[in-house]
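Trainee: Structure below; questions to follow.
The values are calculated or read from the model by the stated rules, or taken from the named source; none is laboratory data. None of the values given here were measured: they were computed from a predicted structure. Cβ atoms come from the backbone with ideal geometry, glycine included; neighbour counts cover every protein chain shown.
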Amino acid sequence: MHATEFEFRNRWWVIFGVFFAAFGAYNIDHVNSAQAIVEWLARRAGTPATDNQLRLIFAFGALLLVLAAFLRTWGTSYLQADVMRDRRVHTERLLADGPYRYVRNPLYLGNIFMAVGLGLMASRTGLLILSLGMNIVVVRLLLREEFELLRDQGEPYRRYCAAVPRLVPALFPRVPSAGDAPRWGQGIRAELMYWIMALAMAVFAATLKIAFFWGLFAVALAMAFLYKRPVTKADPPPAAS
């Protein structure tokens with residue numbers, strides 16, 4: 001079930017393919033998912049749908065994107081730059097600090113939040129494609145990482161997996177701190193794309209002007225390419241307690 005080496009090395013294009021399919025679904029389903037949610041809620045309440053209700057749905061999407069950006073920035077601030085950009089799985093270094101004390105895959109968890117948030121800009125079918133597609137891709141990628149980490153790290157990594165949840169964060173740290181200091185500047189630079197996407201959604205929620213959203217979204221994509229790394233990168237090898 002885990003991803004092939006080709007999938008892992010080309011994960012940026014795999015993710016891009018999921019987004020392309022999701023937004024391409026407007027060709028067969030012309031109803032925006034957020035609009036559909038608002039109209040469904042209005043029918044249930046017996047009241048007309050309003051723009052303010054639509055703004056609230058998109059504001060929720062912006063909140064999910066902020067959460068995704070924060071998770072990824074927090075996790076990335078504990079990584080080395082070469083690990084973030086590399087197309088290979090890194091298994092030579094153990095790490096258990098920051099978000100990795102609560103959840104094994106904070107970067108991938110951030111991608112799931114991002115997919116649901118941006119899915120509100122897609123059609124009903126597109127939201128389904130993006131949410132399910134991202135979950136499938138994330139699970140396949142993290143299972144490949146876990147396979148290689150378990151092979152190379154053995155029992156220490158097995159103990160870490162037993163202590164720290166894979167994707168649903170624990171409320172409290174599950175392993176002691178390794179004493180690493182976060183490099184927040186590095187994290188923010190690496191994940192700036194996610195922060196700009198969150199801004200794009202927030203601006204759209206406030207204005208409902210699609211040109212503002214796509215303009216900022218284009219800037220976000222440009223930032224990803226300028227940083228010269230995949231949008232979805234591997235989480236680092238975590239440490240066992």
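Trainee: Only one of these is modelled with pLDDT of 95 or more and of a type in the set (G, A, S): G75, G24, G46. Name it.
Mentor: Values: G75 fails: modelled with pLDDT of 95 or more; G46 fails: modelled with pLDDT of 95 or more.
Of the residues listed, the single one that is modelled with pLDDT of 95 or more and of a type in the set (G, A, S) is G24.
Trainee: So V14 passes all but one of these: (1) farther than 25 Å from R144 by Cα; (2) of a type in the set (V, I, T); (3) touching an Asp or Glu at 6+ places or on another chain (Cβ under 9 Å). Which condition number does it fail?
Mentor: With (1) farther than 25 Å from R144 by Cα; (2) of a type in the set (V, I, T); (3) touching an Asp or Glu at 6+ places or on another chain (Cβ under 9 Å) applied to V14, the lone miss is (1).
Trainee: Within segment 146-170, which residues are in a loop (DSSP other than H, G, I, E, B) and touching a residue at least 60 places away in the same chain (Cβ under 8 Å)?
Mentor: Taking segment 146-170 and keeping what is in a loop (DSSP other than H, G, I, E, B), we get 154, 164-170.
Those that are in a loop (DSSP other than H, G, I, E, B) and touching a residue at least 60 places away in the same chain (Cβ under 8 Å): V164, P165, R166, L167, V168, P169, A170.
Trainee: Also, quick follow-up: Which residues, taken from segment 195-229, are in a helix (DSSP H, G or I), over 14 Å from A59 (Cα atoms) and in contact with a helix residue (DSSP H, G or I) (Cβ under 6 Å, 6 or more places away or on another chain)?
Mentor: Residues satisfying the conditions are W195, I196, F212, L216, F217, V219, A220, M223, A224.
Trainee: Something else: Going through segment 1-45 one residue at a time, which ones are touching a Ser or Thr at 6+ places or on another chain (Cβ under 9 Å), surrounded by 16 or more Cβ atoms within 10 Å (Cβ to Cβ) and not in a helix (DSSP H, G or I)?
Mentor: The answer is D29, N32.
Trainee: When residues of segment 132-171 are filtered for being touching a helix residue (DSSP H, G or I) at 6+ places or on another chain (Cβ under 7 Å), farther than 17 Å from P106 by Cβ and of a type in the set (A, V, I, L, M, F, W, C), how many remain?
Mentor: 1
Trainee: For R55, are the conditions met, namely being at pLDDT 95 or above and among the basic types (K, R)? Explain how you work it out, then say what you get.
Mentor: On the way: at pLDDT 95 or above: yes; among the basic types (K, R): yes.
So R55 fits the description; yes.
Trainee: Take the residues in segment 130-185 that are under 26 Å from R9 (Cβ atoms) and among the acidic types (D, E); name whichever of them is surrounded by the fewest Cβ atoms within 10 Å (Cβ to Cβ).
Mentor: Ranking the candidates gives D152 first.
Trainee: Regarding Y108, is this residue part of a helix (DSSP H, G or I), in contact with a strand residue (DSSP E or B) (Cβ under 6 Å, 6 or more places away or on another chain) and touching a residue at least 40 places away in the same chain (Cβ under 8 Å)?
Mentor: Details: part of a helix (DSSP H, G or I): yes; in contact with a strand residue (DSSP E or B) (Cβ under 6 Å, 6 or more places away or on another chain): no; touching a residue at least 40 places away in the same chain (Cβ under 8 Å): yes.
It is false that Y108 is part of a helix (DSSP H, G or I), in contact with a strand residue (DSSP E or B) (Cβ under 6 Å, 6 or more places away or on another chain) and touching a residue at least 40 places away in the same chain (Cβ under 8 Å).
Trainee: Still on this structure: Which of the residues spanning segment 15-36 are over 19 Å from F217 (Cα atoms) and out of contact with any helix residue (DSSP H, G or I) (no Cβ under 6 Å at 6 or more places or on another chain)?
Mentor: N27, I28, H30, Q35
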